[in-house]
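The values are calculated or read from the model by the stated rules, or taken from the named source; none is laboratory data. What you see is a predicted model, and the numbers here were worked out from it, not measured in a lab. Note that each Cβ is placed from the backbone with ideal geometry, even for glycine, and that neighbours are counted across all protein chains shown.
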Amino acid sequence: MDKDPATLDYLRQQGVADLIDEAVQALVKDKPADARAWLAEYLGRGGEEYPPRGLSAGVKKLEGWIQVGCGDKPYNCPEKNATFGLDGKCPDEMPDLSKHSTSWRRFC
């Protein structure tokens, strides 16, 4: 590849450098039998169906409430009462985490 700074800047500005980097990382993680076909499909979708922008095929098989906690979107699941801080602001009174199975409860 051409290492000219202007070429690299162009690829970064267009989001191509990040997409290729994400594609190679995902390819190495999945290790499909036909790497070229996998890569063509991934790039054809623009990487939108694979982390961090989307959900992997394995996650898509899981229940919906689990899927909403994956990817790069804020987690909002009223079914599990997980609607905390979606606006990026914490409430004046923090929720009681004493009955939750999370390591963060030690800090509450």
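Assorted remarks:
- Of all residues in region 60-80 being touching a helix residue (DSSP H, G or I) at 6+ places or on another chain (Cβ under 8 Å) and hydrophobic (A, V, I, L, M, F, W, C), the one that is surrounded by the most Cβ atoms within 10 Å (Cβ to Cβ): C70
- Residue in region 8-24 that is modelled with pLDDT of 85 or more and in contact with a Gly (Cβ under 8 Å, 6 or more places away or on another chain) present: yes
- Residue check, A17 more than 30 Å from H100 (Cα to Cα), surrounded by 12 or more Cβ atoms within 10 Å (Cβ to Cβ) and within 13 Å of the chain's Cα centre (by Cα): no
Conditions tested, residue by residue: (1) of a type outside the set (D, E, K, R); (2) farther than 30 Å from T83 by Cβ; (3) more than 13 Å from the chain's Cα centre (by Cα).
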position	(1), (2), (3)
V24	yes, yes, yes
L27	yes, yes, yes
P32	yes, yes, yes
E41	no, yes, yes
L55	yes, no, no
G58	yes, no, yes
K61	no, no, yes
Q67	yes, no, no
C70	yes, no, no
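- Only one of the numbered conditions (1) part of a helix (DSSP H, G or I); (2) within 22 Å of G15 (Cα to Cα); (3) among the acidic types (D, E) is not met by D72, and that is (1).
- Annotation: of all residues in region 7-38 being small (G, A, S) and not in a helix (DSSP H, G or I), the one that is farthest from R53 (Cα to Cα) is A33.
- Residue within region 81-90 that is surrounded by 10 or more Cβ atoms within 10 Å (Cβ to Cβ) and either modelled with pLDDT of 75 or more or not in a loop (DSSP other than H, G, I, E, B) (or both) present: yes
- Within region 41-58, being surrounded by 11 or more Cβ atoms within 10 Å (Cβ to Cβ) and modelled with pLDDT of 80 or more holds for E41, Y42, L43.
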